[in-house]
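**Q** Starting off with a structure, shown below.
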Amino acid sequence: MDVDSATDDDTGTTPGRPRRRLVARALSGVVAAATVLGVGELVAVAVAPAASPFYAVGSTTVDRSPAWAREFAIDTFGTNDKPALFIGMTLLIVVASIAAGLLERRRRPVGSLVLAGLGAVGVYAALSRPTATWTYAVPTIVGVVAGIVLLRLLIHTLDAEPTSEEHSRPAPGGKVRRLPRRQFILLLGAGATVAAAAGVAGRELGRRIASVAENRRLFLIPRVAAPAPPIPVGTDLAPVGATPFVTPNAEFYRIDTALQVPQLTTDEWQLRIHGLVDRPITLDWDDLTARTPVERIITLTCVSNEIGGPLAGNARWIGYPIQDLLDEVGVHADADMLLSKSVDGFTIGTPVAALRDGRDAILAVAMNGEPLPLEHGYPVRQVVPGLYGYVSATKWVVDWELTRFDRAEAYWTKRGWGVRAPIKTASRIDVPAAFAPVTAGPVTVAGTAWAQQRGVEAVEVRVDGGPWQQATLAPEYSIDTWRQWTWEWDATPGLHRLEVRATDGTGDTQPEDRVPPIPDGATGWHSSSVTVR
């Protein structure tokens, strides 16, 4: 990079090579911003992971986003909504840092003010985290100071006036010699190295300090006296490409607002139960595991699932009955909502009636024969059959307040989503995949249907708007799990449209009219177009 041309301190341009100098300024801003983030990440290790400037801003953005923005993110990106947010934030930071570099001057530190402004946003975001103390501001402040110092050094080096000796000493080609570009490049490289090293060290050191992975590795899955009933032969009808009856942990959908997976060990975990109760208590891990665990197979569903979407999963859970805990604390008769809180401050409001009507609502600690994955709530999460996750499935749960729906609101209900949200009847075609070419003749059409707490009574399929045909249902494991189905189709050449609908255990059939997922779950028939050759 050539930075050895004359400089105008007020404009930042040079007669010889203004384009290269602008690039140098832009790179200065980017490296300075990277230093802010990297140093902030490193300092956050000594404070709290949630105090990291980048993640604090991201988490607060999620918390403060209007409902339409969050719904758009889920609809557009699905389970990739968090990477999409990270990419968007990174692009905005790059643009702002380029502006900082271009605006910075030796005598007018406008770019430094830009970095300071970004730092103010980071401080606000860090102090907005639910667990924040004043110390959460420290990582951002230290990072911003380091970034501004580096930016000032880079711009001073870039814009330094040459000495009289340098004026008089000719450079190769007869040009007037200016400040050697090597000094700037070395300083820029050193800054980039420090930023990268600090960021990596912060992440690595944080992983070493946090003992959650080791804690999970040593976790002993509770031994249940009465395991879940065995899955009958024939319950899993899935042909190749269809949904299996039990969803592997690695494939189980994840939708939540946590940009950083909360890190909580069993030694640190506690559950405070308070509010409209006779006997408030705080449980630690030993208190919880002294109770009798149960094992259940339960299907969970996200309210953001579109018709035919993938945001549903069925797993084998081990945990402790929620009803027993509520009976122990003595819930007041006027309490109709359990406001549960995650360790990162996210809240969910669950109808108390749904937790005390005999359904298998549990505090789960194991999933498919393993400790809960970190992303799915380790060490403790709620699992409640028959309710969409946003009103029931709190991960990393640490607080229960018994209250009323007319006194308190949870995260999503504040944004206009439904309050009680029972899961609606749904069915899905898994194979053949949409627009997949198939060979004329016998074709197996297969899929999944669910209507938790009511069960699936029937599934029907039709082709090109023709008569409905009864599908073959797998044995029903329970009313709290999905049910697989197949239908044999004598396919003829051409483009065909398959549709499916399910009828629940009460005799109600899925309505045809399409309703979007928000505010309380989608309705409509799933369809799939298939090319038969």
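**Q** Working out 0.36 nm times the residue gap between Arg279 and Asn249, then minus their Cα-Cα distance, what length gain in nm do you get to one decimal?
**A** 7.1 nm
**Q** In whole Hz, what ³J(HN,Hα) sequence does segment 405-422 give by Karplus (6.51, -1.76, 1.60; θ = phi - 60°), x for Gly and Pro?
**A** For segment 405-422, the Karplus-derived couplings read 5, 8, 10, 9, 10, 8, 3, 7, 5, 5, 9, x, 7, x, 8, 9, 6, x Hz, x marking Gly and Pro.
**Q** Treat each spin label as a single point 7 Å out from the Cα along the C-beta direction, and report the Ser128 to Thr444 distance in nm.
**A** With each label point 7 Å from Cα toward Cβ, the separation is 5.1 nm.
**Q** Under 15 Å from the Cβ of Pro475, count the other residues' Cβ atoms, weight Lys and Arg +1, Asp and Glu -1, and hand me the total.
**A** Taking every Cβ under 15 Å from that of Pro475, the sum is -3.
**Q** So how much slack lies between Glu306 and Gln270, counting 0.36 nm per residue of separation and subtracting their Cα-Cα distance, in nm?
**A** That works out to 9.4 nm of additional length.
**Q** To make sure I understand, if each residue's beta carbon is the centre and we count other beta carbons within 10 Å, what order do Glu460, Glu375, Glu41 fall in, fewest to most?
**A** Glu375, Glu460, Glu41
**Q** While we're on this one: Nearest 0.05, what FRET efficiency do Thr193 and Leu91 give at R0 = 35 Å with Cβ-Cβ as r?
**A** The calculated FRET efficiency here is 0.90.
**Q** Taking the Cβ of each residue in Leu283, Leu151, Leu186 as the centre, tally the other Cβ atoms inside 10 Å and list the residues starting with the fewest.
**A** Listed from fewest to most nearby Cβ atoms, that is Leu186, Leu283, Leu151.
**Q** Same structure, new question: Could you work out the local net charge near Gly275, counting Lys and Arg as +1, Asp and Glu as -1, over the other residues with Cβ closer than 12 Å to its Cβ?
**A** Once positives and negatives cancel, what remains is 0.
**Q** With the Cα gyration tensor of the chain in hand, give its eigenvalues times 5 under a square root as the equivalent ellipsoid semi-axes, listed largest first in whole angstrom.
**A** In descending order the semi-axes read 54, 31, 19 Å.
**Q** Where does the chain land at 222 nm, in deg cm²/dmol rounded to the nearest 500, when only DSSP H runs of n ≥ 4 count, each adding -39500 (n - 2.57), divided by all residues?
**A** Mean residue ellipticity, 222 nm, calculated: -10500 deg cm²/dmol.
**Q** If one computes the Cα centroid of segment 484-517 and of segment 336-377, what distance in Å separates the two points?
**A** For segment 484-517 versus segment 336-377, the Cα centre distance is 32 Å.
**Q** Next question, about the same structure. Most exposed first by the Cβ proxy, i.e. fewest other Cβ within 10 Å, how do Glu499, Glu306 rank?
**A** Ordered from fewest to most neighbouring Cβ atoms within 10 Å, Glu499, Glu306 come out as Glu306, Glu499.
**Q** In whole angstrom, how long is each semi-axis of the equivalent ellipsoid of segment 249-413, when you take the square root of 5 times every eigenvalue of its Cα gyration tensor and sort them from largest down?
**A** In descending order the semi-axes read 23, 19, 15 Å.
**Q** From the backbone phi of segment 351-357, what are the Karplus-calculated ³J(HN,Hα) couplings (6.51 cos²θ - 1.76 cosθ + 1.60, θ = phi - 60°) in whole Hz, Gly and Pro given as x?
**A** Those phi angles translate into x, 4, 4, 6, 9, 10, 9 Hz.
**Q** Indicate the gyration tensor shape class of segment 426-532 (rounded, prolate or oblate), computed on the Cα atoms with a ≥ b ≥ c the square roots of the eigenvalues: a/c under 1.5 is rounded; otherwise a/b larger than b/c is prolate and the rest oblate.
**A** prolate
**Q** Related question: Would you count, across the chain, every pair of lysines whose alpha carbons are under 28 angstrom apart, provided the pair is eight or more residues apart or spans two chains?
**A** So the count of such lysine pairs works out to 10.
**Q** Over the chain, calculate the relative contact order: mean separation of alpha carbon pairs under 8 Å at least 6 apart, over the residue count, as a percent.
**A** That works out to 13 percent.
**Q** Within a Cβ distance under 14 Å of Arg404, other residues only, what is the Lys/Arg minus Asp/Glu net charge?
**A** -3
Quick note: the coordinates plus some simple rules give every number you see, no bench work behind them. Everything numeric in this text was worked out from a predicted model, so none of it was measured. Here Cβ is always computed from backbone atoms with ideal geometry, including for glycine, and neighbour counts include all displayed protein chains.
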